[in-house]
Every structure is written in structure tokens, then in C-alpha cells.
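Nothing in this text is a laboratory measurement; each read-out follows from the coordinates by a stated rule. Here the structure is a predicted model, which is why all the values come from computation and not from measurement. Backbone-built Cβ (ideal geometry, glycine too); neighbour counts: all protein chains shown.
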Ligand SMILES: *Cc1c(COP(=O)(O)O)cnc(C)c1O
């Protein structure tokens, strides 16, 4: 089976992890701090807060921005459920903004229209979470221009987009947002096994997120209600969680980061090769956003004839091609249906779901692997 995604682990990665196992710290320590600094420097953000998953990063980002009961968060319906669930963790409500059919990202026109309606209804969101679907940047500057007049905060879910860029800036620079989230799950661009990071340029948000990842505890006397009782003293001043990253994960992350450009270059080269090899088939190939370079976490083709979706998907799997579907529209998940969402709410996202197939793409993929994928897809269209 050729998988849709796969990590690339080198001997250098293995050695980095083994070295930590023989050292003094296993849980969060100096290597986590070094990983945070390395990622922040790499993407041009001031602060990085490493955690045990992107899901945790989304949670502490929402909490740090003060999202809570009665508040509203908007995201894209074509994303992993975590982009929406983060609002529910803090007791807030979720709504969605339909996608642009070419980029699969939150559509700025749909956003503008929805903001007008929300303004009239007196129900504006507090936070918006644009998702860099497949690694392709959202139109973040346009989104920021639309939401800033209302004081709405932006969390970029860049789980797919580590190593991508937008308008001359690396994704993660937070040039147009308050916080950017990365995932280091093995199928993503670089991995720490499980892991994530929240990037920000705001010192106060960074400090709050650091506390929230470790129980809401501080050792900073200036934040305490009174002088420390002694050198052992700490105070819990917020309600946080244990979302810490381990030193092994951070060491793996630092080592993986040295190959980030290589990974993203390879993914882009393979994507361009797919563009050429699939051009004559009855498929819609992924569009590109002008001024952006995708990290190409995923390569999604859409069938012109959606009636063959299931049959083609099954034929490819039977042929040993590990195709997948990213994603089932979040609003159609039973949990969200129970909150009142229904078929027809976000028609562009639902049409995408009828046609989309993620075909294999990972940095270790050979051209021979890719040719097998292309031949298999081609054979499903030959009578
Ligand atoms: C993978 C992913 C997440 C969650 O990442 P974890 O690190 O597995 O928690 C969140 N959002 C998107 C868009 C993702 O693809």
C-alpha cells in the first residue's frame, strides 16, 4: 500500500531522541525551550509555546484570548474537527464560513456576507480560525481587513502549513493574526510524534499560554497575590491543563526542522508533477493562491463526475493506493448536527465532500511510487 502520507525519520532524528533518553530531563526542560526558539526564529514570530498536540495548542489559544460561554468562534467546515472543538472546550459556540471552491479555504466573500448578517443580528464572533487547508495559505490579509473593524481575534490553524509562505512571510509569522497553530503529528510536514505549537508576537498571550499548558501555575513573584512563602513557592492563578511536550519530542522536532526546506521543496516538486501527469483527466486539480507557496501537506483531486466518487475511491484502495478524504464537513458530524447544523448549511463545502480524494503525497515518495498512483487513477477512467 502506498500511504497518503508518511513521516521521514533519519538516523540523525533517532540519535537526537536517544541522546535525550540518556540525559537528566525527559519532560519539558531546556530542549523544549530550544525547540520553541528554533521554530519561532524560523517563521519570524517572537514566541513559540510547545505543547503535546495542535489540539491542545488550539485549546490554550482560545482560553488565552478569553473565549468562554456565550462567545462565538467561526472556522471553516472543511477542516479536522479540532479547529471547531477548541471553542466547545471553553464553553463557546461554533459557526462556520463556507469555503472557496478553488483553494478549499475559508472564502473571504462568504466571510464578508456573514459578518454583515452577524452584525445585524448582534451575534458577531469573538475569534475566527482560518485553516490553511492542504498547506495552502488562507487569504489572511483580506480576512484580517474584514474582521479587524469588529475587534475579532484571529487564530490561524496552520497544522498543514509548516514551511509554507504568504506575501513574502513564512506561515507562523502572525503578521495578520494573533496566534498561529502548528501540528507535528507524523502525517504533517515535520513531526514530534504527537506535538504542536502556538506562535505569537504578543508577550502577554505567550505568558498566558505557557501557564495554561501547565496547570495555570506561575513561579513569577510579580504575578502572585503575595510575596512567595519561600524558595519552593508557586501559585496557581488560572485553571490550566497538563499539555507539556517532552524533551524527546522537542529533540526530534529540532532535528526534523533542519530538513523542513527539503521536505517542502520535495512536496512542491511532486505536486507539480501531479499537476502535469493528471492534467488530461476529468478532475479538478488544486488551485493556488497568488502570492503564497503551499507546504503541500495534501494533494486533493476532485472528480468532475461525483457519482463515481465511492467507486473510484474503492478501486484505488483495491489497487494498493492509500487514498483518503480530508475532510467530512465538520458541521455534518453527529455532534455538530445535534447542535443544530444540517445538510445544505454550507453548500460549497458539501459539494467538495462529494468529489474530493486525497492522493498520496509525502517527502519520501519516489517518482516510481507517484507513477503507480497516476496509472491507477488513469485506469479508473478508461472504459
Ligand atoms: C492535524 C490537525 C489538527 C490537530 O492536530 P494534532 O496535533 O493531531 O492535535 C488540527 N487542525 C488541523 C487542520 C489538522 O489537520
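Brief remarks on what is shown
- Every Cα-Cα pair of the stretch 260-380 was included, and the share exceeding 23 Å stands at 36 percent.
- Exposure proxy shown here: for 325, 361, the number of other Cβ atoms within 10 Å sets the order, fewest to most, as 325, 361.
- Relative contact order [Cα under 8 Å, 6+ residues apart], the chain, whole percent: 23 percent
- Prolate/oblate/rounded call for the stretch 34-193, Cα gyration tensor, a/c under 1.5 rounded: prolate
- Highest-first packing order for the peptide set 294-306, 8-20 is 294-306, 8-20, based on the mean count of other beta carbon atoms within 10 Å.
- Using the alpha-carbon positions of the stretch 42-99, Rg (one decimal) and Dmax (whole number) come out as 12.3, 37 Å.
- Cα gyration tensor shape of the stretch 76-128, rounded if a/c is under 1.5, else prolate or oblate by comparing a/b with b/c: oblate
- Its residues counted as N, the stretch 202-249 yields a C-alpha radius of gyration over 2.2 N^0.38 Å of 1.24.
- Distance from the stretch 94-141 to the stretch 33-76 (C-alpha centre basis), Å: 19 Å
- Whole-angstrom gap from the stretch 240-255 to the stretch 341-383, using each part's C-alpha centre: 33 Å
- Nearest 10 degrees, 0 to 90: helix 203-212 Cα axis against the chain principal axis: 90 degrees
- Anisotropy class of the chain from Cα gyration tensor, a/c 1.5 cut: oblate
- Once both labels are positioned 7 Å from their Cα atoms along Cα-to-Cβ, the gap between residue 314 and residue 382 label points is 2.2 nm.
- Degrees separating the helix 309-318 axis from the principal Cα axis of the chain, which is the longest one: 90 degrees
- Pairwise label distance in nanometres, residue 265 with residue 14, each label 7 Å out on the Cα-Cβ vector: 2.5 nm
- When shorter helices are ignored and each DSSP H run of at least 4 residues is given -39500 (n - 2.57), the per-residue value for the chain at 222 nm works out to -11500 deg cm²/dmol.
- Degrees between helix 108-121 axis and first principal axis of the chain (Cα, 0 to 90, nearest 10): 60 degrees
- Residue exposure proxy: 175, 337, ordered by other Cβ atoms within 10 angstrom of their Cβ from fewest to most, comes out as 337, 175.
- Put in line by how crowded their Cβ is, counting other Cβ atoms within 10 Å and starting with the fewest, 25, 35, 313 read 25, 313, 35.
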